Amino acid sequence: MISTDPTGGQPLAASGDVNGDGVVDIADVNAVIDMILGLQKATAVADVNGDGSVDVADMNSIINIILGL
Ligand SMILES: [Ca+2]
Ligand SMILES: [Ca+2]
């Protein structure tokens, strides 16, 4: 999924920055886990691989981003 920000600001969807704090790290993995478990509402930015659902594949995608894979 390609998402463009007309304001030219931070990258949005598919960046892996689920909690929007400007960095992709373990906190974003935790946020996705919470969404998978239903502890917090799933958001569009958490659908990192753009397949329309927030699940373990998105968690893996974020881990890969963190690891630079
Ligand atoms: Ca983040
Ligand atoms: Ca997904």
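Rule-based calculations on the coordinates, nothing more; no lab input. Everything quoted here is computed from the prediction, not taken from an experiment. Counting neighbours? That spans all protein chains shown, and the Cβs are built from the backbone with ideal geometry, glycine included.
Residues in the range 31-55 that are more than 11 Å from the chain's Cα centre (by Cα) and either assigned to a helix (DSSP H, G or I) or touching a residue at least 60 places away in the same chain (Cβ under 8 Å) (or both) were compared, and the one that is farthest from ligand 1 (Cβ to nearest atom) is I36. The C-beta contact set for the range 15-26 (first residue assigned to a loop (DSSP other than H, G, I, E, B), second residue among the small types (G, A, S) and more than 16 Å from ligand 2 (Cβ to nearest atom), distance under 9 angstrom, 6+ apart or interchain) comprises V18/A27; N19/A27; D21/A27.
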